[in-house]
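Single-structure report; data block below.
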Amino acid sequence: MKRIYNFNPGPATLPLEVLKEAQAEFLDFNDTGMSILEISHRAKAYERVHNQAKADILNLMDLDDDYEVLFIQGGASLQFAMIPLNFATKERPGSYVISGVFSSNAYREAAILEVAKIAASTKEENFRRVPRQDEIRIHPNAAYLHVCYNNTIYGTEFHYIPDSGNVPLFADMSSDMLSRPLDFSRFSLIYAGVQKNLGPAGVVIVVARRSLLEKSPEILPTMLRYETFYKKNSLYNTPPAFSIYMVGKVAAWIKNNGGLEEMARRNSIKAKLLYDAIDSSDGFYRGHAEPDSRSFMNVTFRLPNDELEKKFVAEALEHDLSGVKGHRSVGGMRASIYNAMPIEGAAALADFMNRFRKANR
Ligand SMILES: *Cc1c(COP(=O)(O)O)cnc(C)c1O
(Lines give C-alpha, C1' and ligand atoms only; values in the text may rest on other atoms or scores of the structure.)
Protein backbone atom coordinates (compact mmCIF):
# COMPACT_ATOMS: atom_id res chain seq x y z
CA MET A 1 0.00 0.00 0.00
CA LYS A 2 1.19 3.49 -0.82
CA ARG A 3 -0.34 6.72 0.60
CA ILE A 4 0.64 10.06 -0.89
CA TYR A 5 0.25 13.61 0.43
CA ASN A 6 -3.16 14.72 -0.75
CA PHE A 7 -3.62 18.50 -1.03
CA ASN A 8 -7.07 18.30 -2.64
CA PRO A 9 -9.57 20.93 -1.48
CA GLY A 10 -12.46 18.50 -0.93
CA PRO A 11 -13.15 15.69 -0.72
CA ALA A 12 -9.87 15.86 1.10
CA THR A 13 -7.35 13.93 3.11
CA LEU A 14 -8.59 12.15 6.25
CA PRO A 15 -6.52 11.06 9.25
CA LEU A 16 -4.91 7.69 8.50
CA GLU A 17 -5.76 6.46 12.03
CA VAL A 18 -9.45 7.14 11.34
CA LEU A 19 -9.39 5.30 8.02
CA LYS A 20 -7.70 2.32 9.67
CA GLU A 21 -10.23 2.22 12.49
CA ALA A 22 -13.10 2.27 10.02
CA GLN A 23 -11.41 -0.47 8.04
CA ALA A 24 -10.89 -2.64 11.13
CA GLU A 25 -14.56 -2.51 12.13
CA PHE A 26 -15.98 -2.45 8.63
CA LEU A 27 -17.30 -6.01 8.35
CA ASP A 28 -18.52 -6.37 11.92
CA PHE A 29 -19.47 -3.09 13.55
CA ASN A 30 -19.56 -3.32 17.36
CA ASP A 31 -20.43 -7.01 17.39
CA THR A 32 -23.55 -6.51 15.31
CA GLY A 33 -22.29 -8.90 12.63
CA MET A 34 -23.03 -6.16 10.08
CA SER A 35 -21.18 -3.19 8.69
CA ILE A 36 -22.23 0.34 9.65
CA LEU A 37 -23.46 0.64 6.05
CA GLU A 38 -25.98 -2.11 6.65
CA ILE A 39 -27.53 -1.40 10.03
CA SER A 40 -30.78 0.43 10.68
CA HIS A 41 -30.61 4.09 11.56
CA ARG A 42 -33.09 3.20 14.33
CA ALA A 43 -30.73 0.62 15.87
CA LYS A 44 -29.23 1.37 19.28
CA ALA A 45 -25.72 0.78 17.90
CA TYR A 46 -26.24 3.55 15.35
CA GLU A 47 -27.99 5.88 17.76
CA ARG A 48 -24.94 5.84 20.04
CA VAL A 49 -22.69 6.86 17.11
CA HIS A 50 -25.08 9.65 16.12
CA ASN A 51 -25.44 11.15 19.59
CA GLN A 52 -21.76 10.79 20.49
CA ALA A 53 -20.74 12.64 17.31
CA LYS A 54 -23.12 15.49 18.22
CA ALA A 55 -21.83 15.66 21.79
CA ASP A 56 -18.18 15.63 20.71
CA ILE A 57 -18.71 18.44 18.21
CA LEU A 58 -20.40 20.70 20.80
CA ASN A 59 -17.73 19.82 23.31
CA LEU A 60 -14.87 20.67 20.94
CA MET A 61 -16.57 23.99 20.19
CA ASP A 62 -17.01 24.63 23.92
CA LEU A 63 -20.72 25.31 23.39
CA ASP A 64 -23.38 24.58 25.95
CA ASP A 65 -26.93 23.34 25.83
CA ASP A 66 -28.19 26.53 24.17
CA TYR A 67 -26.87 25.00 20.95
CA GLU A 68 -27.91 21.95 18.97
CA VAL A 69 -26.13 19.99 16.24
CA LEU A 70 -28.07 18.92 13.14
CA PHE A 71 -27.02 16.57 10.34
CA ILE A 72 -28.49 17.52 6.96
CA GLN A 73 -27.85 16.34 3.40
CA GLY A 74 -27.73 18.44 0.23
CA GLY A 75 -24.30 19.90 0.91
CA ALA A 76 -23.42 23.37 2.11
CA SER A 77 -25.11 24.46 -1.12
CA LEU A 78 -28.54 23.49 0.24
CA GLN A 79 -27.83 25.56 3.36
CA PHE A 80 -27.45 28.58 1.07
CA ALA A 81 -31.19 28.13 0.34
CA MET A 82 -32.43 26.76 3.68
CA ILE A 83 -31.10 29.75 5.60
CA PRO A 84 -33.09 32.42 3.75
CA LEU A 85 -36.12 30.11 3.47
CA ASN A 86 -36.21 29.66 7.24
CA PHE A 87 -35.10 33.07 8.47
CA ALA A 88 -35.40 35.87 5.92
CA THR A 89 -38.37 37.85 4.58
CA LYS A 90 -38.61 40.90 2.36
CA GLU A 91 -39.03 43.07 5.45
CA ARG A 92 -36.22 41.31 7.29
CA PRO A 93 -33.68 40.33 4.63
CA GLY A 94 -30.42 38.44 4.99
CA SER A 95 -27.33 40.65 4.97
CA TYR A 96 -24.41 39.10 3.06
CA VAL A 97 -20.67 39.62 3.09
CA ILE A 98 -19.36 38.64 -0.33
CA SER A 99 -15.79 37.39 -0.08
CA GLY A 100 -15.53 34.64 -2.70
CA VAL A 101 -17.34 32.04 -4.78
CA PHE A 102 -19.33 30.32 -2.04
CA SER A 103 -20.46 33.50 -0.31
CA SER A 104 -21.62 34.73 -3.74
CA ASN A 105 -23.55 31.50 -4.19
CA ALA A 106 -25.13 31.91 -0.76
CA TYR A 107 -26.15 35.46 -1.65
CA ARG A 108 -27.57 34.32 -4.98
CA GLU A 109 -29.88 31.79 -3.36
CA ALA A 110 -31.29 34.47 -1.07
CA ALA A 111 -31.53 36.83 -4.06
CA ILE A 112 -33.71 34.28 -5.89
CA LEU A 113 -36.12 34.61 -2.98
CA GLU A 114 -35.70 38.43 -3.10
CA VAL A 115 -34.53 38.55 0.49
CA ALA A 116 -30.82 39.38 0.00
CA LYS A 117 -28.82 42.53 0.74
CA ILE A 118 -25.07 43.01 0.36
CA ALA A 119 -23.25 44.11 3.53
CA ALA A 120 -19.76 44.22 1.97
CA SER A 121 -17.86 42.83 -0.99
CA THR A 122 -14.23 42.48 -2.02
CA LYS A 123 -15.07 41.34 -5.56
CA GLU A 124 -13.47 44.46 -7.07
CA GLU A 125 -10.16 43.30 -5.62
CA ASN A 126 -10.57 39.80 -7.02
CA PHE A 127 -11.28 38.54 -3.50
CA ARG A 128 -7.67 38.93 -2.34
CA ARG A 129 -8.87 39.70 1.16
CA VAL A 130 -11.92 39.56 3.39
CA PRO A 131 -13.63 42.86 4.25
CA ARG A 132 -12.55 44.78 7.35
CA GLN A 133 -15.05 45.38 10.13
CA ASP A 134 -15.41 49.05 9.16
CA GLU A 135 -16.48 48.05 5.63
CA ILE A 136 -19.38 45.86 6.75
CA ARG A 137 -22.72 47.67 6.55
CA ILE A 138 -25.44 45.51 7.98
CA HIS A 139 -28.98 46.17 6.74
CA PRO A 140 -30.88 47.87 9.60
CA ASN A 141 -33.66 45.26 9.57
CA ALA A 142 -31.45 42.29 8.82
CA ALA A 143 -32.58 38.87 10.00
CA TYR A 144 -28.93 37.77 10.08
CA LEU A 145 -25.44 38.62 8.85
CA HIS A 146 -23.97 35.83 6.69
CA VAL A 147 -20.22 35.39 6.25
CA CYS A 148 -18.09 32.67 4.69
CA TYR A 149 -15.31 32.23 7.22
CA ASN A 150 -12.73 30.57 5.01
CA ASN A 151 -12.82 31.16 1.27
CA THR A 152 -11.68 27.80 -0.04
CA ILE A 153 -11.12 28.87 -3.64
CA TYR A 154 -9.33 32.21 -3.10
CA GLY A 155 -7.43 31.12 0.02
CA THR A 156 -8.57 33.85 2.38
CA GLU A 157 -9.91 33.56 5.91
CA PHE A 158 -11.42 35.80 8.55
CA HIS A 159 -8.98 36.44 11.39
CA TYR A 160 -11.53 38.36 13.43
CA ILE A 161 -15.12 37.60 14.35
CA PRO A 162 -17.29 40.25 12.70
CA ASP A 163 -19.26 42.31 15.20
CA SER A 164 -22.86 42.10 14.05
CA GLY A 165 -24.37 43.95 17.03
CA ASN A 166 -27.84 42.61 17.77
CA VAL A 167 -28.10 40.85 14.41
CA PRO A 168 -27.49 37.09 14.61
CA LEU A 169 -24.20 36.07 12.99
CA PHE A 170 -24.31 33.08 10.60
CA ALA A 171 -21.18 31.49 9.12
CA ASP A 172 -20.30 29.01 6.43
CA MET A 173 -17.29 27.23 7.96
CA SER A 174 -17.20 24.38 5.45
CA SER A 175 -13.46 24.58 4.99
CA ASP A 176 -12.23 25.60 8.43
CA MET A 177 -14.65 24.20 10.99
CA LEU A 178 -12.81 22.77 14.03
CA SER A 179 -9.44 23.97 12.70
CA ARG A 180 -8.81 26.30 15.66
CA PRO A 181 -10.47 27.58 18.85
CA LEU A 182 -12.87 30.48 18.42
CA ASP A 183 -15.52 32.02 20.61
CA PHE A 184 -18.23 30.07 18.80
CA SER A 185 -20.87 31.48 21.15
CA ARG A 186 -20.70 34.72 19.17
CA PHE A 187 -22.30 32.89 16.25
CA SER A 188 -25.98 31.96 16.14
CA LEU A 189 -25.65 29.46 13.31
CA ILE A 190 -22.58 27.74 11.83
CA TYR A 191 -22.64 25.16 9.08
CA ALA A 192 -20.08 23.05 7.27
CA GLY A 193 -20.13 20.50 4.49
CA VAL A 194 -17.88 17.94 6.14
CA GLN A 195 -15.92 16.83 3.06
CA LYS A 196 -13.26 19.52 3.51
CA ASN A 197 -12.01 19.28 7.06
CA LEU A 198 -14.17 16.76 8.89
CA GLY A 199 -15.09 13.64 6.98
CA PRO A 200 -16.26 12.15 3.69
CA ALA A 201 -18.90 13.85 1.52
CA GLY A 202 -22.56 13.30 2.30
CA VAL A 203 -23.47 15.35 5.33
CA VAL A 204 -23.52 18.94 6.54
CA ILE A 205 -23.15 19.83 10.21
CA VAL A 206 -25.34 22.71 11.35
CA VAL A 207 -24.66 24.06 14.83
CA ALA A 208 -27.26 26.60 15.87
CA ARG A 209 -28.94 28.23 18.82
CA ARG A 210 -31.97 26.17 19.81
CA SER A 211 -34.14 29.28 19.87
CA LEU A 212 -33.67 29.57 16.09
CA LEU A 213 -34.67 25.96 15.42
CA GLU A 214 -37.89 25.63 17.35
CA LYS A 215 -40.18 27.05 14.72
CA SER A 216 -39.90 27.20 10.92
CA PRO A 217 -42.30 29.03 8.58
CA GLU A 218 -45.48 26.97 8.03
CA ILE A 219 -45.21 27.34 4.29
CA LEU A 220 -41.99 25.29 4.03
CA PRO A 221 -41.98 21.61 3.05
CA THR A 222 -40.90 19.21 5.79
CA MET A 223 -37.35 18.56 4.58
CA LEU A 224 -36.54 22.27 4.22
CA ARG A 225 -37.46 23.11 7.80
CA TYR A 226 -34.75 23.25 10.46
CA GLU A 227 -37.57 22.50 12.90
CA THR A 228 -37.93 18.99 11.43
CA PHE A 229 -34.26 18.14 11.96
CA TYR A 230 -34.29 19.71 15.42
CA LYS A 231 -37.40 17.98 16.73
CA LYS A 232 -36.47 14.58 15.27
CA ASN A 233 -32.78 14.58 16.27
CA SER A 234 -31.88 14.63 12.53
CA LEU A 235 -33.58 11.24 12.20
CA TYR A 236 -36.85 12.21 10.51
CA ASN A 237 -35.68 10.40 7.38
CA THR A 238 -32.73 8.08 6.80
CA PRO A 239 -29.54 9.98 7.64
CA PRO A 240 -26.24 9.45 5.81
CA ALA A 241 -25.13 7.10 8.56
CA PHE A 242 -21.69 6.29 7.22
CA SER A 243 -20.72 9.97 6.82
CA ILE A 244 -21.93 10.77 10.32
CA TYR A 245 -20.03 7.78 11.69
CA MET A 246 -16.85 9.04 10.02
CA VAL A 247 -17.40 12.59 11.31
CA GLY A 248 -17.73 11.12 14.79
CA LYS A 249 -14.41 9.34 14.35
CA VAL A 250 -12.72 12.52 13.14
CA ALA A 251 -14.14 14.49 16.10
CA ALA A 252 -12.79 11.83 18.48
CA TRP A 253 -9.43 11.97 16.67
CA ILE A 254 -9.30 15.75 17.18
CA LYS A 255 -10.14 15.31 20.86
CA ASN A 256 -7.46 12.64 21.32
CA ASN A 257 -4.89 14.79 19.53
CA GLY A 258 -5.12 17.79 21.83
CA GLY A 259 -8.35 19.40 20.66
CA LEU A 260 -8.69 22.66 18.76
CA GLU A 261 -5.65 24.28 20.41
CA GLU A 262 -3.39 21.56 19.04
CA MET A 263 -5.10 21.67 15.62
CA ALA A 264 -4.44 25.41 15.54
CA ARG A 265 -0.79 24.89 16.50
CA ARG A 266 -0.22 22.33 13.76
CA ASN A 267 -2.18 24.30 11.18
CA SER A 268 -0.19 27.46 11.80
CA ILE A 269 3.10 25.58 11.43
CA LYS A 270 1.94 24.09 8.11
CA ALA A 271 0.69 27.44 6.83
CA LYS A 272 3.93 29.17 7.84
CA LEU A 273 6.02 26.60 5.97
CA LEU A 274 4.16 27.30 2.73
CA TYR A 275 3.81 31.07 3.09
CA ASP A 276 7.52 31.29 3.94
CA ALA A 277 8.29 29.39 0.73
CA ILE A 278 6.23 31.98 -1.17
CA ASP A 279 7.62 35.03 0.65
CA SER A 280 11.26 33.95 0.33
CA SER A 281 10.99 33.20 -3.41
CA ASP A 282 11.91 36.69 -4.68
CA GLY A 283 8.63 36.92 -6.55
CA PHE A 284 8.85 33.52 -8.26
CA TYR A 285 5.75 32.48 -6.30
CA ARG A 286 3.06 35.13 -5.92
CA GLY A 287 0.48 34.56 -3.20
CA HIS A 288 -3.10 35.40 -4.16
CA ALA A 289 -4.28 36.46 -0.69
CA GLU A 290 -3.19 39.65 1.01
CA PRO A 291 -1.05 38.72 4.03
CA ASP A 292 -3.54 39.67 6.74
CA SER A 293 -6.33 37.62 5.10
CA ARG A 294 -4.24 34.52 4.37
CA SER A 295 -6.02 31.26 4.96
CA PHE A 296 -4.52 28.62 7.26
CA MET A 297 -6.40 25.96 5.29
CA ASN A 298 -5.98 26.76 1.57
CA VAL A 299 -2.74 28.33 0.34
CA THR A 300 -3.12 29.87 -3.13
CA PHE A 301 -0.25 31.06 -5.32
CA ARG A 302 0.82 31.62 -8.91
CA LEU A 303 4.03 30.90 -10.79
CA PRO A 304 5.62 33.14 -13.45
CA ASN A 305 3.69 31.53 -16.36
CA ASP A 306 1.23 28.81 -17.38
CA GLU A 307 3.96 26.53 -18.62
CA LEU A 308 5.75 26.52 -15.27
CA GLU A 309 2.44 25.98 -13.50
CA LYS A 310 1.75 22.85 -15.56
CA LYS A 311 5.28 21.63 -14.93
CA PHE A 312 4.91 22.30 -11.19
CA VAL A 313 1.74 20.19 -10.94
CA ALA A 314 3.30 17.31 -12.90
CA GLU A 315 6.59 17.28 -10.99
CA ALA A 316 4.85 17.64 -7.64
CA LEU A 317 2.90 14.48 -8.41
CA GLU A 318 6.13 12.66 -9.23
CA HIS A 319 7.16 13.54 -5.66
CA ASP A 320 3.89 12.12 -4.27
CA LEU A 321 2.42 15.59 -3.71
CA SER A 322 -1.05 15.43 -5.22
CA GLY A 323 -3.94 17.87 -5.74
CA VAL A 324 -2.02 21.16 -5.88
CA LYS A 325 -3.69 22.56 -9.00
CA GLY A 326 -5.78 25.64 -8.20
CA HIS A 327 -9.42 26.31 -8.97
CA ARG A 328 -10.05 27.53 -12.52
CA SER A 329 -11.44 30.86 -11.29
CA VAL A 330 -8.13 31.84 -9.63
CA GLY A 331 -5.66 29.76 -11.63
CA GLY A 332 -2.25 28.77 -10.35
CA MET A 333 -1.82 26.51 -7.35
CA ARG A 334 -3.78 25.75 -4.23
CA ALA A 335 -2.48 23.57 -1.44
CA SER A 336 -5.18 22.55 1.03
CA ILE A 337 -3.69 21.77 4.43
CA TYR A 338 -6.66 20.75 6.55
CA ASN A 339 -6.38 19.21 10.04
CA ALA A 340 -5.54 15.77 8.65
CA MET A 341 -2.55 16.94 6.58
CA PRO A 342 0.54 16.07 8.62
CA ILE A 343 3.21 18.72 9.20
CA GLU A 344 5.61 16.49 7.23
CA GLY A 345 3.30 16.84 4.20
CA ALA A 346 3.48 20.63 4.27
CA ALA A 347 7.24 20.45 4.87
CA ALA A 348 7.65 18.15 1.85
CA LEU A 349 5.68 20.58 -0.35
CA ALA A 350 7.65 23.61 0.93
CA ASP A 351 10.87 21.74 0.19
CA PHE A 352 9.67 20.88 -3.28
CA MET A 353 8.71 24.52 -3.89
CA ASN A 354 12.21 25.69 -2.97
CA ARG A 355 13.91 23.11 -5.18
CA PHE A 356 11.54 23.78 -8.09
CA ARG A 357 12.21 27.52 -7.90
CA LYS A 358 15.99 27.06 -7.97
CA ALA A 359 15.76 24.68 -10.92
CA ASN A 360 13.41 26.86 -12.97
CA ARG A 361 14.14 30.50 -12.43
C1 LIG B 1 -17.00 23.37 -0.73
C2 LIG B 1 -17.68 24.51 -0.10
C3 LIG B 1 -19.06 24.73 -0.23
C4 LIG B 1 -19.93 23.84 -1.08
O5 LIG B 1 -20.14 22.65 -0.43
P6 LIG B 1 -21.07 21.50 -1.06
O7 LIG B 1 -21.15 20.56 0.10
O8 LIG B 1 -20.35 20.96 -2.24
O9 LIG B 1 -22.38 22.09 -1.39
C10 LIG B 1 -19.61 25.80 0.40
N11 LIG B 1 -18.87 26.65 1.14
C12 LIG B 1 -17.54 26.48 1.29
C13 LIG B 1 -16.76 27.44 2.11
C14 LIG B 1 -16.91 25.41 0.67
O15 LIG B 1 -15.58 25.25 0.81
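Computed extension gain for residue 43 through residue 314, at 0.36 nm per residue and net of the alpha carbon distance, reaches 92.8 nm. Of all DSSP beta bridges confined to the chain, the antiparallel ones make up roughly 55%.
Pick from 190, 83, 161 the residue whose mean-square fluctuation is largest in a GNM of the chain, springs joining Cα atoms under 10 Å. Of 190, 83, 161, the Gaussian network model singles out 161 as fluctuating most. Here the spin labels are modelled as points 7 Å beyond Cα on the Cα-Cβ line, and at residue 89 and residue 327 they lie 3.4 nm apart.
Within the range 15-59, list the residues whose amide N lies under 18 Å from a label point set 7 Å along Cα→Cβ of residue 3. The answer is 15-26, whose backbone nitrogens lie closer than 18 Å to the label point. Peptide packing for 89-97, 311-319 was compared via the average number of neighbouring C-beta atoms within 10 Å per residue; ordered from the highest value, the list is 89-97, 311-319. Counting only whole DSSP H helices of the chain, the ones at least 15 Å long by C-alpha along their axis and with mean Kyte-Doolittle hydropathy no lower than 0.0 are 75-87, 101-112, 241-256.
Counting only DSSP beta bridges with both residues in the range 62-195, the antiparallel share comes to about 10 percent. Between residue 166 and residue 269, the modelled labels are 4.7 nm apart [label points 7 Å from Cα along Cα→Cβ]. With 0.36 nm allotted per residue and the present C-alpha distance subtracted, the residue 222-residue 113 stretch has 37.4 nm of extension available. If contacts are Cα pairs under 8 angstrom and at least 6 residues apart, what is the relative contact order of the chain in percent? Relative contact order here is 22 percent.
Multiplying the residue separation of residue 51 and residue 31 by 0.36 nm and removing their Cα-Cα distance gives an extension gain of 5.3 nm.
Using a probe radius of 1.4 angstrom, the carbon and sulfur fraction of the accessible surface of the chain is 50%.
Ligands, DNA and RNA are left out, and with a 1.4 angstrom probe the accessible area of the chain is 44 Å² per residue. A simple rule links phi to the HN-Hα coupling: the Karplus curve 6.51 cos²θ - 1.76 cosθ + 1.60 with θ = phi - 60°, which for the range 219-228 gives 6, 7, x, 3, 7, 9, 9, 4, 3, 4 Hz, with x for Gly and Pro. Among 275, 149, 160, the residue with the largest mean-square fluctuation in a Gaussian network model of the chain, with springs joining Cα atoms closer than 10 Å, is 160. Between the beta carbons of residue 159 and residue 210, assuming R0 = 35 Å, the FRET efficiency works out to 0.75 to the nearest 0.05. In this simple spin-label approximation, residue 255 and residue 235 carry label points 7 Å from Cα along the Cα→Cβ vector, and these lie 1.9 nm apart.
The values are calculated or read from the model by the stated rules, or taken from the named source; none is laboratory data. Please read all numbers here as calculations on a predicted model, not as lab measurements. Note: ideal-geometry Cβ built from the backbone for every residue, glycine included; neighbour counts use all protein chains shown. Note: areas computed on protein heavy atoms with side chains; ligands, DNA, RNA excluded. Shrake-Rupley method; radii C 1.70, N 1.55, O 1.52, S 1.80 Å.
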